[in-house]
Amino acid sequence: MASDSADRVLTQDPAPLRLLDQVALGHHPSRRQFLLALGVGLVGVACSVASRKSSSSLVPGSIAALTAGASMLSVLGTGADAAPMSPGRNRFGFVLVNLQNQAIIGGSPEVWLALDEKAKAQGPYSATWHPFNAYDKTGDRSPKSPLPGDFAADIDLPNVGNWMVAVTLRQGPKKYAGTGVLPVSSGPVLAGLGTKAVSTPTPVATTPFKLAEICTRTPVDHMHYISLDEALLNGKPTVVCFSTPLLCESQLCGPVTDEQILVFEKFGPDRANFIHVEEFLPGPDRKPPAPTLENQSPGFKEWKLQTEPWVFVIDGKGVIRFRSLGPVTAPEIEAALTPLL
């Protein structure tokens, strides 16, 4: 049914589209809160000037034209400030939130890119909804994020610059849109696609007693059986998650680690390396330190990560082939890993 209000439940055939009324996202987040707490960057709030202009004055196919007259959405995207992208193909993961702080799930959003809102946009890039399914399947009792999943699209960033991104979504005659900026860097990008993974030792344990000293998940996971530096030398692809399930303010670390666990259980250690690098090591007393940058684990510091959770898929030669900051699901991880096996 169509809706005249962005806070109403929406449906769309064939793919369902609805607003999740109970997502406890709280008040409108600041950029700092999302960078450090949610683990994703606040890309932007769509309050498009174009929506207030006459459509006849807009360049056809521009972001201004595409978003004209749309109901506003916020786009929460993958590390716009903390992790600039490189030119070329990139995964753009994002969450859509309306003005009532309700997360939109399902449907088929489209992503558009341009260097400014008046230029003709490239796209659309189709985005797919990926729900979190692993938390309950793995018996996790770590803090659980209120976010139910994320959208993801493969986008092509032709060159460096601050690219304007627009996400559009239709429900019958009604249009929704959000805009923001994705920085594309000409210099080295933190753990960028196509770069060599940082080889660093990470704690190893296999018994529940010892695992509790290096893992904050409840219960502890078993992706600590091999050190990252050793994994990068054995010729197998590697899936590594940097997360802190107990202390992650966004409560995304537990669910994202769980999604990796599903892939680990499907393929096993004989086909690929699966590693969870804990951000804050509990130590012999099993009490993690205060979650500060100074107290980060050596592995986290070596990778120079300042947000979480991160998931990387690395090929057998140690080259990063997939990277994700914030929400990511088992099917996405599996799709990146399978060609490397």
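Residue-level check: of (1) in a loop (DSSP other than H, G, I, E, B); (2) open to solvent by 10 Å² or more (accessible area, probe 1.4 Å); (3) more than 18 Å from Glu213 (Cα to Cα), Glu294 misses just (1). Scanning the range 114-141 for residues that are within 27 Å of Thr257 (Cα to Cα) and either part of a loop (DSSP other than H, G, I, E, B) or without any contact (Cβ under 8 Å) to a residue 24 or more places away in the chain (or both) returns Ala127, Phe132, Asn133, Asp136, Thr138, Gly139, Asp140, Arg141.
Taking the condition under 28 Å from Val189 (Cα atoms) and not basic (Lys, Arg), does Val95 pass? If you could, list the steps in order and put the result at the bottom.
Values: under 28 Å from Val189 (Cα atoms): yes; not basic (Lys, Arg): yes.
The answer is yes for Val95.
The set of residues in the range 53-71 that are modelled with pLDDT under 90 and outside any loop (DSSP other than H, G, I, E, B) comprises Ser55, Ser56, Ser57. Among the conditions (1) modelled with pLDDT of 90 or more; (2) surrounded by 23 or more Cβ atoms within 10 Å (Cβ to Cβ); (3) of a type in the set (A, V, I, L, M); (4) not in a strand (DSSP E or B), the only one that Val111 does not satisfy is (4).
Restricted to the range 308-329, and to residues there that are outside any strand (DSSP E or B) and open to solvent by less than 10 Å² (accessible area, probe 1.4 Å), the residue that is farthest from Val75 (Cα to Cα) is Gly318. Applying the criterion of being in contact with a Gly (Cβ under 6 Å, 6 or more places away or on another chain) and polar (S, T, N, Q) to the residues of the range 180-203, the residue that is surrounded by the fewest Cβ atoms within 10 Å (Cβ to Cβ) is Thr200. Among (1) closer than 23 Å to Gly61 by Cβ; (2) out of contact with any Ser or Thr (no Cβ under 6 Å at 6 or more places or on another chain), there is one condition Lys118 misses while meeting the rest; what is its number? In the conditions (1) closer than 23 Å to Gly61 by Cβ; (2) out of contact with any Ser or Thr (no Cβ under 6 Å at 6 or more places or on another chain), Lys118 misses (2) alone.
Going through (1) among the polar types (S, T, N, Q); (2) open to solvent by 30 Å² or more (accessible area, probe 1.4 Å); (3) closer than 20 Å to Leu66 by Cβ; (4) in contact with a Pro (Cβ under 8 Å, 6 or more places away or on another chain) one by one, Thr168 falls short only on (2).
For the range 204-288, list the helices (runs of 4 or more DSSP H) that sit wholly inside it and hold at least 1 residues that are surrounded by fewer than 23 Cβ atoms within 10 Å (Cβ to Cβ) and touching a residue at least 40 places away in the same chain (Cβ under 8 Å); which are they?
On the way: elements: 208-211, 228-231, 253-267.
Fully inside the range 204-288 and qualifying: 253-267.
The values are calculated or read from the model by the stated rules, or taken from the named source; none is laboratory data. This is a predicted model, so every value here is computed, not measured. Cβ atoms come from the backbone with ideal geometry, glycine included; neighbour counts cover every protein chain shown. Surface areas here come from the heavy atoms of the whole protein model, side chains and all, with no ligands, DNA or RNA. Shrake-Rupley method; radii C 1.70, N 1.55, O 1.52, S 1.80 Å.
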